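Novice: Next up is a structure, given as structure tokens.
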Amino acid sequence: MTIAQWSHMVCAIAYAGLAAVLLAGRPAHAVRGALALAALAVAGWAAAIAWGPEPALGSRRLAALEMLRALGLTGFLLLLIRRGFSGTRWGRGFEVAGAAIFVAWTLSILVGSGSMTGLASLAATIFGAACVENIARNAAPERRWSMKFGAAGLLAIFAYDFALHVALILRGGLEAQLWIARGAVDALAAPLILATAARDPLWRLGLHVSRDVVFHSTIVLSAGLVLVGAALAGTYLGTGGGTLGAFLQILAVAAGTLGATVVAMSGWARSTLRNFIARHFFTYRYDWRREWLRFIARLAPEDSADTLPMRSLKAIADIADSPGGAVWVADGEPSALLLAAAWNMPVPEGARAASVADVAGLLARTEPLDGAAAVTVLAARASDLAAVVARAWLVVPLAHRGVRGFIALEAPRAPRELGWEDYALLTTAARQVSSYLAEDAAARQIATARQIDGFNRRFAFVVHDVKTMASQIQLLLHNADRHAGKPEFTADLFATLRGLASRMEGLIADLRKDEAVSAGDAGACVDSEARRVPFDVDTTLDALVAAWPPERVVRRGGGSGVRALGDPSGLSTALGHLVKNAVEATDGDAPVEIGVEPRGDRVAIVVADRGRGMDPAFLRDGLFEPFRSTKAAGSGLGAFQARALLAEMGAALTVDSLPGKGTTAIVSLPRVEER
């Protein structure tokens with residue numbers, strides 16, 4: 001026996017055993033029976049080659065054996081498709097295509113046309129691979145575990161047959177190595193098919209056809225038909241023999257391959273194919289769940305450099321398969337529509353803006369309308385805009401209580417008729433786009449309001465700081481009448497004035513910094529880490545105490561020698577507010593005391609007075625609220641600003657107080673260990 005006969009004998013034994021295992025199972029079932037018949041067909045084909053006379057190329061005997069083998073495999077696959085796609089046009093389409101291929105194959109055998117027989121066998125191979133691909137792609141996720149090995153085995157059989165038939169058509173003879181190994185390769189697929197049969201004897205795959213699968217499968221089948229045509233052309237071009245025949249043969253195959261690639265990648269072809277599939281294979285044009293998920297993914301991607309109007313335009317255009325368009329939105333100026341985005345659609349300068357009154361009729365519509373109908377509802381004054389709208393294929397109004405506008409779309413790549421599903425989906429998508437645009441406009445308004453609020457708050461802080469410094473100057477002037485001739489007072493006076501001048505310079509610097517931040521980025525915030533530096537606590541407190549007369553503010557305890565992590569300028573301002581409040585609460589009856597207490601890894605700065613104090617309700621609900629104060633002339637901003645400044649540098653502020661007993665404020669900062 002030859003190696004080819006041994007190879008096919010192994011194949012016959014493998015598939016005969018597979019059929020025996022399947023037929024021995026109980027109870028009987030149509031799917032298991034069809035798979036057993038397919039295995040017997042393969043076993044019979046292999047046995048006829050292994051033990052029969054060597055088949056002659058182009059003989060009716062070999063063609064009949066090949067068709068018997070292919071009929072068994074594709075018949076089993078068509079049964080699975082019938083069960084999975086029961087009652088659908090897609091399932092019936094596979095059955096009609098399979099029947100046509102095998103009828104053509106039978107006729108070619110009867111008339112003895114070897115070339116047509118080869119093309120029919122190649123078409124059957126491509127068809128079988130497409131069947132396996134559809135079954136594998138459409139299987140329910142929970143069922144793929146059970147069928148993946150069987151699908152891989154069947155796909156390997158058809159892939160090997162494809163290579164064999166292409167070589168046969170192009171070279172006019174069997175490729176010896178491919179023919180010898182064919183039986184062994186088919187035998188390797190038998191255990192894989194048996195594994196799937198063992199996991200799920202009835203091949204319950206839970207098939208569900210999707211538009212994507214139909215689309216891609218049709219692309220594959222179309223490309224396969226182009227390749228079959230190229231192979232047929234190559235066969236006839238190569239009949240002349242010689243170098244020229246081989247050249248023309250290769251050229252035909254290359255041209256066919258390029259043609260298949262163009263068909264698969266052409267936007268017009270893909271658009272036409274989608275329309276054809278939606279119209280002839282499905283009851284409803286759209287898979288609404290998939291379309292909506294795709295629409296939202298395009299409208300709100302995780303990362304995109306496009307603006308929201310541009311993403312909105314592209315998301316709507318995707319639904320209509322439009323290659324371009326433009327969107328107008330009333331943004332900022334409620335009486336005017338402005339061009340927000342344009343994509344592959346020329347818009348002249350005169351049509352980039354329009355009065356809302358001129359397009360009121362269009363904005364009142366809730367459903368899409370074609371360009372000709374849209375022009376009729378525009379005012380005569382909007383002639384430039386009307387010229388653009390008239391060229392549009394479709395106009396989609398944007399209807400939302402907070403947004404007014406519309407989207408004009410270019411004609412799709414392939415002609416299509418719009419039905420109720422198109423209008424319903426586009427109308428719903430337009431409402432979603434409108435809500436996104438409205439939320440974006442509201443967010444920008446909130447950002448602007450926050451920027452203005454931040455400026456107003458900062459201005460209130462400035463007024464409060466100026467008021468604090470004015471109080472200190474008035475206190476100096478009051479004491480100057482009594483102590484003007486004393487050298488100690490003069491020294492304190494100049495020290496206080498220098499401190500006030502330094503605070504004013506710092507205040508101006510902060511204002512400039514806040515202005516720069518607002519101009520650069522309205523949403524920017526101050527980095528608290530950048531405001532935390534090591535500093536000497538005693539130096540900051542000594543400068544603060546020196547700004548007040550000794551009978552009003554005193555230092556408790558000596559120098560602590562500790563260093564803290566924070567913002568010295570901000571800390572000085574915050575402590576200044578706390579000291580001022582404490583001084584005003586005591587009315588000069590007793591001095592305010594400031595001290596430093598190291599507490600583990602923290603530094604506590606204590607500001608204590610023995611003034612009027614605060615009741616628990618105000619301490620809880622009113623102390624840190626702006627514009628709430630226990631003083632008749634107070635602004636209520638001191639404690640609020642102090643806590644905000646301390647929070648920016650990572651410090652904490654706690655306040656304890658009792659009516660008639662005084663108040664103690666404690667500022668806690670991270671401590672810096674000395675090296």
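Novice: Using a Debye calculation, one point per C-alpha and no hydration shell, please list log10 I(q)/I(0) for segment 298-437 at q = 0.09, 0.12, 0.19, 0.22 Å⁻¹ in order.
Specialist: For segment 298-437 at q = 0.09, 0.12, 0.19, 0.22 Å⁻¹, log10 I(q)/I(0) is -0.22, -0.41, -1.09, -1.52.
Novice: Let me ask another. Highest mean first, what order results for 571-581, 644-654 on Cβ atoms within 10 Å?
Specialist: The densest-packed peptide leads the list: 571-581, 644-654.
Novice: Let me ask you something else. Loop only by DSSP, 11 or fewer other Cβ within 10 Å of the Cβ. Give me the GluC sites (Glu not before Pro) in segment 337-429 that pass, ordered by residue number.
Specialist: Glu417
Novice: Right, another one. Among Thr2, Thr496, Thr74, Thr125, what is the fewest-to-most ranking by other Cβ atoms within 10 Å?
Specialist: Least to most surrounded, the residues fall as Thr2, Thr496, Thr74, Thr125.
Every number in this text was worked out from the coordinates using simple rules, so none of it is lab data. From a predicted model like this one, the values you see are computed outputs, not experimental measurements. Cβ atoms come from the backbone with ideal geometry, glycine included; neighbour counts cover every protein chain shown.
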